[in-house]
Amino acid sequence: MSKLKLWKEHDSWEQAEAAWDAGVKDAAQRAPIKGLKQLPEMPGITPDTAKNLKWKSLKWMLTKDHHGEIRRGFLKHPIKYGLEFIKSVFQKKPYKRDGDFFLYGINSIAEFERLLKKQDNILVVGFSYCHKPFECPSGRFTPECIHDPDNPVCRQCFIGKAVNALPDQTIPLFIPTVHYIGGKIFEIVHQNPGKDVLFIITACEMTLEMFGDWGNMVNIKGLGVRLGGRICNTMKAFELSENGIKPGLTVVLDDTQKEMMRLIKLRNDFRHR
């Protein structure tokens, strides 16, 4: 079933979303999956981890760039990227914040909404692997996702719902590591010179804090969506997660899911009016 088929065969977004949600209830009865209910919140970044976090981020990106994604991307425009990175590093924070949304290169969600309505830009929507269900048919620690509405696991997964609702022009990414998403962003930016690249990406607070300077370096604009549940809040937990060791499950919180879907609807309304 192609993306948006469930949305296109209904008279309104509201009808389509109601039909999807009805399918979720049916799938949950046929094949319930673990861990999708609201999970208890863990504490944020620990004080020891928060110390020198920008340096830890730089060290991680340089020493763990085993496939050269970041190095190759940076060397396309080393002076430009170097200056932008330095400028971002010397900000107290590389983002502004509105609840569960971390804002990069923009001042408000209203500004992002205006950008979503512009004609000549590209939207990337990325999902951290750590909120894939344990039963994910594509596997958790992979850049793959079948998002099949007829699969009962996909039907109960918020990633499945969001991807099926995306406009065809959107680039969905399923993120196992920060180097993977960094390499993909470089690739998209370099393949589309002169176009703004917008993004909505789910990640834990620690990742959003650590790597905002890198997004600012390539001048992409958008929203980092904070995950709840079994997040990484220490460097050790982050390192394990980057190597696919993530026994806990994270979630996009209920109200934040609604806001993400509202933004996707806004993009759809503009693209299909």
When restricted to Asn268, Asn243, the only residue over 16 Å from the mean Cα position of the chain (by Cα), farther than 21 Å from Phe85 by Cβ and surrounded by 19 or more Cβ atoms within 10 Å (Cβ to Cβ) is Asn268
Practice problem: Evaluate the following for Phe90: is it closer than 18 Å to Ile181 by Cβ and of a type in the set (A, V, I, L, M, F, W, C)? | Solution: no
Inside segment 159-179, the number of residues satisfying the requirement of being at pLDDT 95 or above and either of a type in the set (Phe, Trp, Tyr) or part of a loop (DSSP other than H, G, I, E, B) (or both) is 3
Residue hits (segment 71-82; open to solvent by 100 Å² or more (accessible area, probe 1.4 Å), not hydrophobic (A, V, I, L, M, F, W, C) and not in a loop (DSSP other than H, G, I, E, B)) are Arg71, Arg72, Lys80
The number of residues in segment 131-151 that are surrounded by 20 or more Cβ atoms within 10 Å (Cβ to Cβ) and farther than 20 Å from Glu9 by Cβ is 4
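Which of the residues spanning segment 205-220 are touching a strand residue (DSSP E or B) at 6+ places or on another chain (Cβ under 7 Å) and among the hydrophobic types (A, V, I, L, M, F, W, C)? Reasoning before the result, please.
Applying the first criterion (touching a strand residue (DSSP E or B) at 6+ places or on another chain (Cβ under 7 Å)) to segment 205-220 yields 205, 208, 212, 215-216, 220.
Listed by number, the residues that qualify are Leu208, Ile220.
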- [ ] Determine, yes or no, whether Phe85 is within 21 Å of Val163 (Cβ to Cβ) and either among the hydrophobic types (A, V, I, L, M, F, W, C) or open to solvent by less than 20 Å² (accessible area, probe 1.4 Å) (or both).
- [x] no
Expected single match for under 30 Å from Lys25 (Cα atoms) and surrounded by fewer than 21 Cβ atoms within 10 Å (Cβ to Cβ) among Gly183, Gly224, Gly194, Gly228 is Gly228
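Take Lys51 and decide whether it is open to solvent by 50 Å² or more (accessible area, probe 1.4 Å) and at pLDDT 95 or above.
On the way: open to solvent by 50 Å² or more (accessible area, probe 1.4 Å): yes; at pLDDT 95 or above: no.
Against the criterion (open to solvent by 50 Å² or more (accessible area, probe 1.4 Å) and at pLDDT 95 or above), Lys51 does not qualify.
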Residues in segment 156-180 that are in contact with a Phe, Trp or Tyr (Cβ under 8 Å, 6 or more places away or on another chain) and either open to solvent by 20 Å² or more (accessible area, probe 1.4 Å) or of a type in the set (Asp, Glu) (or both) total 2
Considering segment 246-273, residues that are in contact with a helix residue (DSSP H, G or I) (Cβ under 9 Å, 6 or more places away or on another chain) and aliphatic (A, V, I, L, M), and then whichever is farthest from Glu205 (Cα to Cα), we arrive at Leu266
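The values are calculated or read from the model by the stated rules, or taken from the named source; none is laboratory data. The shown structure was predicted, so the numbers you read here are calculated from the model rather than taken from an experiment. Neighbour counts are summed over all protein chains in view; Cβ atoms, including those assigned to glycine, are modelled from backbone coordinates with ideal geometry. SASA here: full protein model, heavy atoms, side chains in, ligands and nucleic acids out. Shrake-Rupley method; radii C 1.70, N 1.55, O 1.52, S 1.80 Å.
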